[in-house]
1. Find every distance from the label point of residue A:150 to the corresponding label point in the other copies (7 Å from Cα along Cα→Cβ) and write them in nm, one decimal, shortest first.
2. For residue A:34, place a label point 7 Å from Cα along the Cα-to-Cβ direction in every copy; what are the distances to the other copies, in nm, shortest first?
3. Relative to 2.2 N^0.38 Å, what does the C-alpha radius of gyration of the protein assembly as shown come to as a ratio? Two decimals please.
4. Estimate the FRET efficiency between residue A:22 and residue B:182 by the formula 1/(1 + (r/R0)^6), using the beta-carbon distance for r and 22 Å for R0, to the nearest 0.05.
5. For the rotation that brings chain A onto chain B, whose beta-carbon in chain A is nearest the axis, and what is that distance in whole angstrom?
6. Which one of A:173, A:118, A:51 has the biggest mean-square fluctuation once chain A is modelled by GNM with Cα springs under 10 Å?
7. Starting from a label point 7 Å past Cα on the Cβ side, list the distances from residue A:129 to the same position in the other copies, nm, shortest first.
8. For peptide B:54-64, what's the mean number of Cβ atoms from other chains within 10 Å of each residue's Cβ?
């Protein structure tokens, strides 16, 4: 996994003094952080538990001394993507930008968690293709619609059923479940801790906490 | 400096099991990274040396064990902002998005360096207001137009003079110099190292390498 971006080297910018560019590389950053950067892309219905599990995973990463950041509706929709609505075009642009920001965080050496419904296979595939092989793991939070609707933590399903909200994923807009997510979580009857532990176990198993040159 | 984002606590998402959200906080992240996050916003004419100095500063930060990331044309214009052109509206949106991404990196605990001409005071002010007090330092790379044009590393001034490029900052588009940049760099007759050292010295002087409870 090399740096995603090429920077110019040895550029003369003065007649008097030759300035040599040197740049911190991806390799430098992962050596400092002692981890393999990756996007953990949580996908699932509204109320499935994406944010909750992602937060719990981030807490465990912190306890392991790992450097991570969580992108979710709270810090993206009100900031970077505040100009976007909920049309098909805007939803796709929302995911595209989140993917590009996730790529920047990965390039910076971080483990990035994202928690967005991201209902369409094509959008998720587009993000996967932005980063290098092995830098994207899809985490399918597979909670059945009936359970999500029963939980309905924000009262959104109720509004969708009454027609107050249109194009709501699972009700009158499609959710395309992943067919080959790297991590498949069923949350029914499980604790947050069990779900988060499964993600951490998988990261460890896949070698994300070892950097090159270090143990198995 | 508290976390920029509020996350919900104690949200029940199941009828069977009460799931308690817990989230990694800004305080947790700066404790892990042992630094005060900040945006170092480099501004100056094309060819002034913004990217070169920013890269050199980042290298020194790495040597100090600090966690940083550089946003510049290479990793932003071809990624997140690839849909934007060079109209006034698109230029403003370009800076707005960079500001929002810088805010996310600061929230993640990083020192963020940005190297964009960012010619307008209003755009830079808008970014400053996005983050908390003390999280934004403007670095004015004050190289006179004549020197930048003499250097012309990408041949852009030549094209601007011949009319091949329109709205080029310094030629037929205004550069609004900062009136109260926290760091003012003159690059003429100085080495990259001297410029970068001045930035590092200032960061140290202003206490960015001490976290609360530690040293002076």
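What follows is calculated from the coordinates using simple rules that are stated; it is not laboratory data. Since the model is a prediction, treat every value here as computed from it, not as a measurement. When we count neighbours, we look across all protein chains shown, and the Cβ atoms used for this are built from the backbone with ideal geometry, even at glycine.
1. From this label point to the equivalent ones elsewhere in the assembly: 7.7 nm.
2. Nearest to farthest, the other copies are at 1.1 nm.
3. Details: Rg = 22.8 Å, N = 432, 2.2 N^0.38 = 22.1 Å.
Here the Cα radius of gyration is 1.03 times the empirical estimate.
4. Values: r = 25 Å, r/R0 = 1.11.
The computed FRET efficiency comes out at 0.35.
5. Of all Cβ atoms in A, the one closest to the rotation axis yields A:101, 3.
6. It is A:173.
7. Between copies, matching label points for residue A:129 lie 4.0 nm apart.
8. Neighbouring Cβ atoms belonging to other protein chains average 3 per residue here.
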